[in-house]
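Before I ask anything, here is the structure I am working with.
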Amino acid sequence: MTPYEDIRVEGHLIDSGIMSAIMDAVVELEGEFETLSFEVGRTNDDASVALLRIKAPSDERLDEILHIIQEHGAVPVDPSDADLAPAPADGVLPDRFYSTTNLQTWIRIGGKWVAVQGVEMDLGVCVDLATGTARSVPMAEVRTGDICVVGHKGLRIKPQERPRDRQAFEFMNSAVSSEKPKAQVVAEVARLLRESRKAGKGTIVVAGPAVVHTGAASHLARLVRLGYVDVLFGGNAVAVHDIESSLYGTSLGVSMTEGTPTLGGHEHHLRAINTIRSCGSITAAVEQGVLTSGLMHTLVDTGTPFVLAGSIRDDGPLPDVITDVIEAQNAMRTYCRTAGTCLMLSTMLHSIATGNMLPADTATVCIDINPAVVTKLADRGSWQTIGIVTDVGLFLEQLANDLER
Ligand SMILES: NC(=O)c1ccc[n+]([C@@H]2O[C@H](COP(=O)([O-])OP(=O)(O)OC[C@H]3O[C@@H](n4cnc5c(N)ncnc54)[C@H](O)[C@@H]3O)[C@@H](O)[C@H]2O)c1
């Protein structure tokens with residue numbers, strides 16, 4: 001008998017492309033589908049429900065197909081519990097461990113569906129059988145004997161659906177090239193930030209040193225003062241050059257007022273780092289009256305948290321930079337799990353890191369002057385991500401002006 005499984009899928013199956021994605025996957029893997037029933041939602045908000053029989057040439061192939069279509073929300077009509085196995089060593093997941101997506105996931109334990117806490121892709125899932133709970137866990141944090149999900153039985157995933165709000169859909173669905181008018185785009189990003197704040201959800205801003213080099217740190221500081229930034233992510237450079245501009249009036253030795261290199265200016269950022277190191281931290285430098293202006297000063301002054309993650313090319317670094325990557329990931333992860341919006345401003349390194357930790361439904365706006373970087377950052381397979389090719393300095397000034405109005 002041809003191996004088969006009956007699956008059920010529910011949601012905005014047609015306009016979010018879920019039905020076609022499932023059918024394509026089945027055909028691509030040499031399977032067959034038979035539609036047992038298909039109830040189409042009658043309004044924009046109504047969900048559709050489909051029952052499909054999935055057939056495959058072998059049990060292994062059926063397994064493969066079910067794994068792929070699971071990510072589009074397909075669940076066996078008669079689901080079994082998730083398979084579990086203990087972690088064999090600290091930092092090692094069991095063979096065939098289930099690797100997470102950036103979509104909301106449930107696992108079935110003891111006949112009950114349990115939500116996996118912490119939506120993030122490329123992690124394992126550990127189960128606490130005593131409390132009947134499940135959480136996503138980075139590989140490095142798994143401890144010997146932790147009970148982990150293996151295989152892909154007993155799993156339910158909420159598929160990506162396009163936003164129901166027409167305005168949001170049109171905006172998030174249109175990649176913004178350098179040739180499109182920017183005022184409208186800035187107004188849309190401002191609307192997004194206002195809505196996120198109104199909904200009580202945090203905004204993460206990921207910023208690179210180009211924000212400072214282009215003279216836009218003061219505009220980002222305005223956003224902080226207006227309460228639109230809940231946490232700043234970056235590396236050594238954004239903080240170093242901001243502090244350099246505050247202490248010396250230059251960024252990488254270039255005068256912030258003249259736009260020309262200053263004599264001996266190439267040393268300014270090193271002297272700035274040394275000054276902060278002698279104070280103990282950026283916060284201490286503010287408290288000691290050494291750092292009195294700039295973006296980092298504004299963050300400290302307003303009590304806005306920041307996470308500075310180290311990288312191989314850092315000078316110094318500043319004492320606040322977290323040089324252990326696992327520790328830096330964990331510090332960022334906490335914010336990623338609750339944020340409503342993320343603005344990625346001209347840093348490929350830190351934006352990619354952040355993007356990999358965000359759930360798919362976090363509204364994400366990537367701004368970079370290089371179209372290839374924008375395409376890479378915006379390519380999260382998510383309806384909620386938009387890429388904008390523009391100069392970050394001009395963008396931030398307009399955004400702060402719009403939000404101030
Ligand atoms: N002195 C230092 O310690 C120092 C100096 C530089 C960088 N770093 C560190 O190196 C790492 C990577 O640095 P990064 O994030 O700058 O590099 P990155 O290459 O990851 O990203 C820089 C991005 O900025 C974009 N960009 C440049 N000018 C722009 C503009 N005007 N408008 C919009 N986008 C623009 C580029 O296209 C590029 O994609 C970070 O951790 C940083 O802290 C340290």
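Mind listing whichever residues of segment 11-53 are within 18 Å of Glu161 (Cα to Cα), loosely packed, with under 13 Cβ neighbours inside 10 Å and touching a Lys or Arg at 6+ places or on another chain (Cβ under 9 Å)?
Scanning segment 11-53 gives Asn44, Asp45.
Inspect segment 344-357 for any residue being within 13 Å of Val189 (Cβ to Cβ) and within 15 Å of the ligand (Cβ to nearest atom) and give the result as yes or no.
Among the residues of segment 344-357, at least one is within 13 Å of Val189 (Cβ to Cβ) and within 15 Å of the ligand (Cβ to nearest atom), which makes the answer yes.
Looking for whichever is assigned by TED's automatic domain parsing to the domain that holds Pro209, modelled with pLDDT under 95 and surrounded by fewer than 17 Cβ atoms within 10 Å (Cβ to Cβ) here; the options are Thr323, Thr257. Which one fits? Explain how you work it out, then say what you get.
On the way: Thr323 fails: modelled with pLDDT under 95.
Criteria check complete, one pass: Thr257.
Further question on the same structure: Which ones in segment 370-395 are touching a Pro at 6+ places or on another chain (Cβ under 7 Å) and within 9 Å of the ligand (Cβ to nearest atom)?
Once the filter is applied, which keeps residues that are touching a Pro at 6+ places or on another chain (Cβ under 7 Å) and within 9 Å of the ligand (Cβ to nearest atom), segment 370-395 yields only Val389.
Let me ask you something else. So, in segment 176-201, exactly how many residues are surrounded by 18 or more Cβ atoms within 10 Å (Cβ to Cβ) and under 14 Å from Thr362 (Cβ atoms)?
Qualifying residue count for the region: 3.
Taking segment 396-405 on its own, how many of its residues are of a type in the set (D, E, K, R), away from the ligand (no atom under 14 Å from the Cβ) and in contact with a helix residue (DSSP H, G or I) (Cβ under 7 Å, 6 or more places away or on another chain)? Reasoning before the result, please.
Residues of segment 396-405 of a type in the set (D, E, K, R): 397, 402, 404-405.
With away from the ligand (no atom under 14 Å from the Cβ) added as a condition, the list becomes 402, 404-405.
Subsequent filtering for residues that are in contact with a helix residue (DSSP H, G or I) (Cβ under 7 Å, 6 or more places away or on another chain) retains 402, 404.
Qualifying residue count for the region: 2.
Grab the strands (runs of 3 or more DSSP E) fully contained in segment 1-106, keeping just those with 1 or more residues being more than 31 Å from the chain's Cα centre (by Cα).
4-11, 32-39, 48-55
Now, a different point. For segment 216-328, which helices (runs of 4 or more DSSP H) that fit wholly inside it have 2 or more residues that are away from the ligand (no atom under 15 Å from the Cβ)?
217-225, 268-279, 282-287, 295-302
For (1) within 28 Å of Met19 (Cα to Cα); (2) touching a Leu at 6+ places or on another chain (Cβ under 6 Å); (3) aromatic (Phe, Trp, Tyr), each residue gets a yes or a no:
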| position | (1), (2), (3) |
| --- | --- |
| Phe38 | yes, no, yes |
| Arg42 | yes, no, no |
| Val77 | yes, no, no |
| Leu93 | no, no, no |
| Ile109 | yes, no, no |
| Pro138 | no, yes, no |
| Arg143 | no, no, no |
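Would you tally the residues in segment 196-215 being in a helix (DSSP H, G or I), away from the ligand (no atom under 16 Å from the Cβ) and touching a residue at least 40 places away in the same chain (Cβ under 8 Å)?
Total meeting the criteria: 1.
Looking only at residues in segment 337-357 that are hydrophobic (A, V, I, L, M, F, W, C) and part of a strand (DSSP E or B), which one is surrounded by the most Cβ atoms within 10 Å (Cβ to Cβ)? Steps first, please.
Of segment 337-357, the ones hydrophobic (A, V, I, L, M, F, W, C) are 339, 342-345, 348-349, 352-353, 357.
Keeping just the survivors that are part of a strand (DSSP E or B) gives 339, 342-345.
Working: Ala339: 21, Cys342: 27, Leu343: 25, Met344: 31, Leu345: 26.
My answer is Met344.
Out of Gly280, Gly202, which single residue is assigned by TED's automatic domain parsing to the domain that holds Leu377 and at pLDDT 95 or above?
Gly280
So which of Ser99, Ser136 is buried (at least 17 other Cβ atoms within 10 Å of the Cβ) and hydroxyl-bearing (Ser, Thr, Tyr)?
After ruling out the rest, the residue left standing is Ser136.
Still on this structure: Quickly run through segment 54-74 and pick out the residues that are surrounded by 15 or more Cβ atoms within 10 Å (Cβ to Cβ) and farther than 23 Å from Ala360 by Cβ.
Ile54, Lys55, Ala56, Arg61, Leu62, Asp63
How many of the residues in segment 362-384 are surrounded by fewer than 16 Cβ atoms within 10 Å (Cβ to Cβ) and either not assigned by TED's automatic domain parsing to the domain that holds His213 or not acidic (Asp, Glu) (or both)?
5
Another one. Output the number of the condition that Thr334 fails; it satisfies all remaining conditions of (1) buried (at least 18 other Cβ atoms within 10 Å of the Cβ); (2) of a type in the set (Val, Ile, Thr); (3) closer than 30 Å to Arg162 by Cβ.
Here Thr334 meets the rest and fails (1).
The values are calculated or read from the model by the stated rules, or taken from the named source; none is laboratory data. Worth saying up front: this structure is predicted, and the values here are computed from it rather than measured. FYI the Cβ positions are ideal-geometry reconstructions off the backbone, even for glycines, and counts take in every protein chain you see.
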